[in-house]
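Enquirer: Quick one: this structure, given as structure tokens, is what I'll be asking you about.
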Amino acid sequence: MSNQFYKTADVKKTSATTLEIRRSFNAKPEMVYRAYTEPDLMRRWLTAYPGWEMPVCEMDLREGGKYHWRWVNAAN
């Protein structure tokens, strides 16, 4: 499936517990940053499959912060 906004991701395992993921986007860096850091925007692109929603999307972006995401499928 082709997408006008991004290219296929390059994934590299850098250690036993770390992955490095690189992807290029056809968008301004500020917009990509917002899409990854604002819960309302994260919900829009990270639940793109029909029937899925993300009722919980909490992110503490500070160093050492945590995140809590929950997906649900209305069909299940």
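Bear in mind these aren't lab numbers, they're just calculated from the coordinates by the rules spelled out. The structure displayed is predicted, hence computed values, not measured ones. Reconstructed Cβ throughout: ideal geometry from the backbone, glycine too, with neighbour counts over all protein chains shown.
Enquirer: Could you order peptides 44-55, 10-21 by the average number of other Cβ atoms within 10 Å of their residues, highest first?
Expert: Numbers: 44-55: 11.7, 10-21: 8.2.
Going by the mean number of other Cβ atoms within 10 Å, highest first, we get 44-55, 10-21.
Enquirer: Another question, if that's okay. Using R₀ = 30 Å, calculate the FRET efficiency as 1/(1 + (r/R₀)^6) where r is the Cβ-Cβ separation of Glu30 and Ala75; round to 0.05.
Expert: Details: r = 36 Å, r/R0 = 1.19.
Working from the Cβ atoms, E equals 0.25.
Enquirer: Cα convex hull of the chain: how many Å³ per residue?
Expert: Cα convex hull per residue, to the nearest whole number: 145 Å³.
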